[in-house]
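Structure first, commentary second.
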Protein chains: 2
Amino acid sequence: MNFEEKQISSRNIFKGRVVDLYVDDVELPDGTLSRREYIKHSGGAAVLFIREDSVALVRQYRYAYGEETYEIPAGKLDPGEDPERAALRELTEETGFRASACRHLADIYPTPGYTDEVIFIYLVTEAEFVGEHLDEGEFLNCSYFTIDEFGKMVESGKIKDAKTVIAYYKYMDKRNKGLI
Amino acid sequence: MNFEEKQISSRNIFKGRVVDLYVDDVELPDGTLSRREYIKHSGGAAVLFIREDSVALVRQYRYAYGEETYEIPAGKLDPGEDPERAALRELTEETGFRASACRHLADIYPTPGYTDEVIFIYLVTEAEFVGEHLDEGEFLNCSYFTIDEFGKMVESGKIKDAKTVIAYYKYMDKRNKGLI
């Protein structure tokens, strides 16, 4: 059975710096009408950066949760930007390390009920220090944890950020299989 | 260093069935002003349901992506609803199986830059069939895959949904440690 929902009309409710909100009228598979509310997002790029068996984690305040989190370096794609290029850009901005190459770890759909965001996750293991380049108004702190410490933070639930949890498991999976 | 961002004012831009959008003026740690755009969400509950070494996956159309996905059974919390109760409710609605108990696997922040959603993920291994109870306007199909098949779908990237990927790895991790 085909579950496709056909667009009848589309309305842009809000156009922001991060979030564009749309409300569409759609036709469901049985011909009835419904509405879909969703965010159009340019996509995210994230980097698991491992250097001398240490993982770079960024501590930052997440306003929506009202708390500080530990996450791998990440950011929003500029419109039309290549995800790999965006990942390497964010790595330099947030950690001060510049890399020329990365490996693909995963693409994820963070919460498919109301966003079209794809988060592209990469692995970087070789990079040189060139100094941090934080965006204006960006407050964060990068620190390093052993892979063992990182694993404990994921497994205990201290780290809840989806891209960071998935980066950890995808990396460990590949490492255990000798692919890395 | 404390990175807290203080709310100056908050504006509700849109109040929908799934998504409430807010734009807040905030004071950054250095005293400058900025804006935060974010979704207030009642939270999600999801269930990894394993029965006779098979995993229940729900195939459904995700309008924002314009494609069908495979995900573990899940849904939105009713306001104030207990996440565990919501997870068991969604399990019955989408698979037709009723369970009286579940185990906590993980809480995740799907995309912390612009939502306050928490997705609560549980494991159910014992349930009885009582018949499906889909919500009106809900079109989906539940089918069963061996854990090995499920693992291949996650590892190959065929499954990109964050909660489903994390449920797989958290389960395998606990199983490999003999905790399940």
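The values are calculated or read from the model by the stated rules, or taken from the named source; none is laboratory data. Quantities reported herein were computed from a predicted structural model and do not represent experimental measurements. Methodologically, a virtual Cβ is constructed for each residue, glycine included, from the backbone with ideal geometry; neighbour enumeration extends over all protein chains shown. Surface accessibility is based on the protein's heavy atoms, side chains included, excluding ligands, DNA and RNA. Shrake-Rupley method; radii C 1.70, N 1.55, O 1.52, S 1.80 Å.
Numerical summary
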read-out	value
Any hit, the stretch A:1-21, residues being over 23 Å from B:Pro110 (Cβ atoms), open to solvent by less than 20 Å² (accessible area, probe 1.4 Å) and either of a type in the set (Ser, Thr, Tyr) or in contact with a strand residue (DSSP E or B) (Cβ under 8 Å, 6 or more places away or on another chain) (or both)	no
Condition broken by A:Tyr144, with the remaining ones in (1) away from chain B (no Cβ under 11 Å); (2) open to solvent by 50 Å² or more (accessible area, probe 1.4 Å); (3) in a loop (DSSP other than H, G, I, E, B) satisfied	(3)
Test: residue in the stretch A:50-61 that is within 11 Å of another protein chain (Cβ to nearest Cβ), charged (D, E, K, R) and under 30 Å from A:Met172 (Cβ atoms)	yes
Those residues of the stretch B:84-135 which are in contact with a His (Cβ under 9 Å, 6 or more places away or on another chain), more than 13 Å from chain A (Cβ to nearest Cβ) and under 24 Å from B:Leu179 (Cβ atoms), in sequence order	B:Glu84, B:Tyr122, B:Leu123
Checking B:Val47 against (1) under 30 Å from A:Pro29 (Cα atoms); (2) within 11 Å of chain A (Cβ to nearest Cβ); (3) of a type in the set (A, V, I, L, M), the condition it does not meet	(2)
Candidate set: the stretch A:27-50, residues that are without any contact (Cβ under 8 Å) to a residue 24 or more places away in the chain and outside any strand (DSSP E or B); chosen: the one nearest to A:Asn12 (Cα to Cα)	A:Leu28
Residue check, A:Leu77 within 28 Å of B:Tyr168 (Cβ to Cβ) and touching a residue at least 60 places away in the same chain (Cβ under 8 Å)	no
Complete set of residues in the stretch A:77-88 that are out of contact with any Ser or Thr (no Cβ under 6 Å at 6 or more places or on another chain), farther than 11 Å from A:Phe120 by Cβ and surrounded by fewer than 20 Cβ atoms within 10 Å (Cβ to Cβ)	A:Asp78, A:Gly80
Residue that is nearest to the chain's Cα centre (by Cα), among those in the stretch A:98-137 that are more than 23 Å from B:Lys160 (Cα to Cα) and open to solvent by less than 20 Å² (accessible area, probe 1.4 Å)	A:Ala99
Verdict on A:Ala64 being of a type in the set (Gly, Ala, Ser), within 17 Å of A:Lys160 (Cβ to Cβ) and at the interface with chain B (Cβ under 7 Å from one of its Cβ atoms)	yes
Failed criterion for B:Pro79 (all others in (1) farther than 14 Å from A:Thr111 by Cα; (2) in contact with a Lys or Arg (Cβ under 6 Å, 6 or more places away or on another chain); (3) more than 7 Å from chain A (Cβ to nearest Cβ) hold)	(2)
Restricting the stretch B:5-22 to residues that are under 21 Å from A:Lys76 (Cα atoms) and facing chain A (nearest Cβ under 7 Å), the residue that is farthest from the chain's Cα centre (by Cα)	B:Glu5
Matching option when the condition is more than 21 Å from B:Val118 (Cα to Cα) and open to solvent by less than 20 Å² (accessible area, probe 1.4 Å), among B:Thr32, B:Thr95	B:Thr95
Test: residue in the stretch B:141-148 that is under 27 Å from A:Lys163 (Cβ atoms) and out of contact with any Leu (no Cβ under 8 Å at 6 or more places or on another chain)	yes
